[in-house]
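The values are calculated or read from the model by the stated rules, or taken from the named source; none is laboratory data. Computed from a prediction, not measured in an experiment: that's the story for all the values here. So basically every Cβ, Gly included, is an ideal-geometry build from the backbone, and we count neighbours across all protein chains shown.
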Ligand code: NZQ
Ligand code: ZN
């Protein structure tokens, strides 16, 4: 196990009715009569009545606010800039995000860009580390990206989808009421489940030895997500199953599952190129296509890790190591299919992408992708072949 530092200041409020606390949380953080920016997406938070509940709670607490709506999935830097102008003009002291990963990431990006004098895209493209941020609170509507606790922000701009982050971008408070997941369409349900699994698997598939404690927790978490994922796929109003998914998704990406070990992140690196290539592609669905292909390509780097995954997560065992590994990967792919997800580029409607171009883009800034096996553009090309 490796040395590590872990700091997670996000206060979580979980359960029915918790959204009504948002006003008092803001008062605690920036004081009454302060000016807050409320960020949300297209229609869902308005339709469900959540946005009204949030703004009523702010009003009741004496918080002034301005709204920035219409954040789209795979959020753009243009939208961030719009928010920055508004936030500076209105002298905003804190940001409330009401939505999923795209809304939260937009809010977090505005939070770091407002106090920054340079061009905000530098955080993403040039690796400038955010040192200052406005405080951000979240009211989550989609358990998936884990941005409500994570130190990451992912934004698209000029055909690239890039991330930045540091501990200071973690929200100071996040509210998760699983009742607000009831309205999620099947596509977002499966994408969310697969994304949170990926956040755990990107850490689980490590070459760091002696990780029993975290690996065991990761295996249990993955089993729980799959079990409850299948329940909510059929029963969209199941509060108890959504609670498990909501809790799992939020912890999947707060750093816990990577403590003391080298993380991978190649699947995310490849998927971000796919959803940057076509912004209508949903991140979690992209991961459903990339992950089994990545596994098939890299497992020989450390077969015992994949045997452990096959047996402890997917519950399969064959008479040889190789058969067990391949049965584990096949079982994962079957689970994705059972959730209704695409598992090939054609099913993702991405068969026309140019693998060469995307493979080169994926390694342009980091040099290589991943740690389980360090991938160069020629490796990524082979992984694209396995997605067909
Ligand atoms: O815009 P509205 O109308 O709200 O509809 C949204 C959107 O169309 C809808 N939705 C959200 N909550 C709903 C709902 N529909 C009905 N009922 C509800 N309760 O869902 C659609 C997708 O929303 P989005 O926020 O894009 O989804 P998600 O939470 O999966 O976030 C994905 C984004 O997060 C990034 C992804 O790359 C992608 O851009 N990620 C961010 C990470 C981070 N910051 O740590 C890590 C992740 O790996 C990921 O890369
Ligand atoms: Zn993700």
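Scanning the range 171-207 for residues that are over 14 Å from residue 142 (Cβ atoms) and more than 10 Å from ligand 1 (Cβ to nearest atom) yields 171, 172, 173, 197, 200, 201, 203, 204, 205, 206, 207.
If you go through the range 364-388 and pick out every residue that is part of a helix (DSSP H, G or I), without any contact (Cβ under 8 Å) to a residue 40 or more places away in the chain and surrounded by 16 or more Cβ atoms within 10 Å (Cβ to Cβ), you end up with 1. Restricting attention to the range 262-272, and to residues there that are more than 11 Å from ligand 1 (Cβ to nearest atom) and surrounded by 23 or more Cβ atoms within 10 Å (Cβ to Cβ), which single residue is farthest from residue 376 (Cα to Cα)? Result: 264.
Does residue 133 satisfy being more than 8 Å from ligand 1 (Cβ to nearest atom) and either closer than 18 Å to residue 286 by Cβ or surrounded by 18 or more Cβ atoms within 10 Å (Cβ to Cβ) (or both)?
On the way: more than 8 Å from ligand 1 (Cβ to nearest atom): yes; either closer than 18 Å to residue 286 by Cβ or surrounded by 18 or more Cβ atoms within 10 Å (Cβ to Cβ) (or both): yes.
Criteria met by residue 133.
Looking at residue 353, is it surrounded by fewer than 20 Cβ atoms within 10 Å (Cβ to Cβ), touching a helix residue (DSSP H, G or I) at 6+ places or on another chain (Cβ under 6 Å), at pLDDT 95 or above and over 30 Å from residue 215 (Cα atoms)? Considered against the rule, which asks whether it is surrounded by fewer than 20 Cβ atoms within 10 Å (Cβ to Cβ), touching a helix residue (DSSP H, G or I) at 6+ places or on another chain (Cβ under 6 Å), at pLDDT 95 or above and over 30 Å from residue 215 (Cα atoms), residue 353 comes out as yes. Determine, yes or no, whether residue 229 is within 16 Å of ligand 1 (Cβ to nearest atom), assigned to a helix (DSSP H, G or I) and more than 24 Å from residue 374 (Cβ to Cβ). So residue 229 passes the test. Report whether or not residue 171 is in a loop (DSSP other than H, G, I, E, B), more than 16 Å from ligand 2 (Cβ to nearest atom), in the same structural domain as residue 73 (by TED's automatic domain parsing) and buried (at least 23 other Cβ atoms within 10 Å of the Cβ). Judged against the criteria, residue 171 is a match. The residue list 112, 155, 200 contains one member that is modelled with pLDDT of 95 or more, in contact with a strand residue (DSSP E or B) (Cβ under 8 Å, 6 or more places away or on another chain), within 16 Å of ligand 2 (Cβ to nearest atom) and not in a loop (DSSP other than H, G, I, E, B), which is 155.
Results for (1) outside any loop (DSSP other than H, G, I, E, B); (2) under 26 Å from residue 284 (Cβ atoms); (3) within 16 Å of ligand 2 (Cβ to nearest atom), shown as yes or no for each residue.
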| residue | (1), (2), (3) |
| --- | --- |
| 58 | yes, no, no |
| 67 | yes, no, no |
| 84 | yes, no, no |
| 87 | yes, no, no |
| 107 | yes, yes, no |
| 123 | yes, yes, no |
| 128 | no, no, no |
| 143 | no, yes, yes |
| 149 | no, yes, yes |
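In the range 58-93, the residue that is nearest to residue 39 (Cα to Cα) out of those that are crowded, with 24+ Cβ neighbours inside 10 Å and touching a residue at least 60 places away in the same chain (Cβ under 8 Å) is 80. Scanning the range 315-326 for residues that are surrounded by fewer than 17 Cβ atoms within 10 Å (Cβ to Cβ) and assigned to a helix (DSSP H, G or I) gives 321, 322, 323. Of all residues in the range 138-165, those that are on the phi > 0 side of the Ramachandran plot and in contact (Cβ under 8 Å) with a residue 24 or more places away in the chain have Cβ atoms under 8 Å from Cβ atoms of residues that are surrounded by fewer than 24 Cβ atoms within 10 Å (Cβ to Cβ) and part of a strand (DSSP E or B), 6 or more apart or on another chain, in 165/152.
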